[in-house]
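Engineer: Have a look at this one.
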Amino acid sequence: MDELIWDAVRASRGWLDAANGTGDAELTCRILKLTEEAGEAAGAWIGVLGQNPRKGVTHRREDVAAELADVAFTALVAIESLGLDARAVVSSCAAKVRDRASS
């Protein structure tokens, strides 16, 4: 991934650490933030489908993609907030998935 991503992840973690601290309650909120972001992605997809008859079609696939990117970025910040290297964790996950898919 582009260095911009990893730099932004570390900068976001630092900004949150400075503003909110690093205790377990803060870490809990960072992990729970994933659920909030995932809900926004789900809401956007519902908007693409026009599933809510009162609202109709309210979103585009690009909106869903942007919300999913928010989920991914939030997860990377949460991983860093656990004191781990998000790049290494994601690389390990990718290798595991690649190996499973090629079996």
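Engineer: Under a plain spin-label model, where a point goes 7 Å from the Cα along Cα-to-Cβ, how far apart in nm are ARG61 and ARG100?
Structural biologist: 2.5
Engineer: Restrict the search to the stretch 41-103; then list the trypsin sites (Lys or Arg not before Pro) that DSSP places in a loop and that have at most 12 other Cβ atoms within 10 Å of their Cβ.
Structural biologist: Details: sites: ARG54, LYS55, ARG60, ARG61, ARG87, LYS96, ARG98, ARG100; in loops: ARG54, LYS55, ARG60.
Here the trypsin sites (Lys or Arg not before Pro) that fit, given the DSSP loop and packing criteria, are ARG54, LYS55, ARG60.
Engineer: If I take every Cα pair under 8 Å that is 6 or more residues apart in the stretch 20-79, average their sequence separation and divide by the length, what percent do I get for the relative contact order?
Structural biologist: Values: 52 pairs, mean separation 23.0, N = 60.
Once divided by the residue count of the stretch 20-79, the mean separation gives 38 percent.
Engineer: Looking at the square roots a ≥ b ≥ c of the eigenvalues of the Cα gyration tensor of the stretch 1-44, which shape do they give, rounded for a/c under 1.5, prolate if a/b is larger than b/c, or oblate? Display every interim value, and only then the final one.
Structural biologist: Values: a/c = 2.90, a/b = 1.11, b/c = 2.62.
Verdict is oblate for the stretch 1-44.
Engineer: Which entry is the computed volume of the Cα convex hull per residue in Å³ for this structure: (1) 136; (2) 122; (3) 95?
Structural biologist: From the options (1) 136; (2) 122; (3) 95, the structure gives (1).
Engineer: So, with a 1.4 angstrom probe, what is the percent of accessible area on the chain that is carbon and sulfur?
Structural biologist: Working: 4180 of 6910 Å².
Carbon with sulfur: 61 percent of the solvent-accessible area.
Engineer: Further, regarding this structure: Need the full-extension length gain, ALA88 to ALA25, defined as separation in residues times 0.36 nm minus the C-alpha distance. One decimal, nm.
Structural biologist: Values: separation 63, 0.36 × 63 = 22.68 nm, distance 2.49 nm.
Full extension of this stretch gives 20.2 nm more.
Engineer: Further question: Along the positive direction of the dipole of the chain (beta-carbon charges: Lys, Arg +1; Asp, Glu -1; about the Cα centre), which of ALA44, VAL57, TRP6 reaches farthest?
Structural biologist: Looking along the dipole axis, the top candidate is VAL57.
Engineer: I need to check one value: relative contact order of the chain, counting alpha carbon pairs closer than 8 Å and at least 6 residues apart, in percent.
Structural biologist: Details: 72 pairs, mean separation 30.1, N = 103.
Worked out over the chain, it gives 29 percent.
Engineer: On to the next question. Kindly identify the stretch 51-103 as rounded, prolate or oblate by the Cα gyration tensor criterion: order the square roots of the eigenvalues as a ≥ b ≥ c, call it rounded if a/c is under 1.5, otherwise compare a/b with b/c, prolate if a/b is larger, else oblate.
Structural biologist: oblate
Engineer: Using DSSP to define loop residues, name the GluC sites (Glu not before Pro) in the stretch 11-50 whose beta-carbon has at most 10 other beta-carbon atoms within 10 Å.
Structural biologist: Details: sites: GLU26, GLU36, GLU37, GLU40; in loops: none.
Those that pass, being in a loop and sparsely packed, number zero.
Engineer: Which residues' amide hydrogens lie under 5 Å from the amide hydrogen of THR58, considering only partners 5 or more residues apart or on another chain, with H built in the peptide plane?
Structural biologist: Amide H to amide H, under 5 Å and 5 or more residues apart or across chains, THR58 pairs with VAL48, GLY50.
Engineer: How far apart, in nm, are two points set 7 Å out from the Cα along the Cα-to-Cβ line at LEU4 and at ASP17?
Structural biologist: Result: 2.4 nm between the two label points.
Engineer: How large is the dipole of the chain about the Cα centre if only Lys and Arg carry +1 and Asp and Glu carry -1, each at its Cβ, rounded to the nearest 20 debye?
Structural biologist: Numbers: 12 positive and 16 negative charges, 90 e Å.
Dipole about the Cα centre, nearest 20: 440 debye.
Engineer: Going by Cα centres, the stretch 1-45 and the stretch 49-94 are how many Å apart?
Structural biologist: 11
Engineer: What distance in nm lies between label points placed 7 Å from Cα along the C-beta direction at THR35 and GLN51?
Structural biologist: So the two model labels end up 1.8 nm from each other.
Engineer: Follow-up question, since we're still on this one. From the phi of every residue in the stretch 55-66, what ³J(HN,Hα) in whole Hz does the Karplus formula 6.51 cos²θ - 1.76 cosθ + 1.60 yield, where θ is phi - 60° and glycine or proline is x?
Structural biologist: 9, x, 6, 10, 9, 10, 4, 4, 5, 5, 4, 5
Engineer: Here's something else I'd like to know. Could you identify which residue out of GLY39, GLY47, GLY56 has the top mean-square fluctuation in a GNM of the chain using Cα springs shorter than 10 Å?
Structural biologist: Result for the chain, Cα springs under 10 Å: GLY56 fluctuates most.
The values are calculated or read from the model by the stated rules, or taken from the named source; none is laboratory data. Everything quoted here is computed from the prediction, not taken from an experiment. Ideal geometry is used to build each Cβ from the backbone, glycine not excepted, and the neighbour counts take in all protein chains shown. Ligands, DNA and RNA are excluded from the accessible area calculation, which covers all protein heavy atoms including side chains. Shrake-Rupley method; radii C 1.70, N 1.55, O 1.52, S 1.80 Å.
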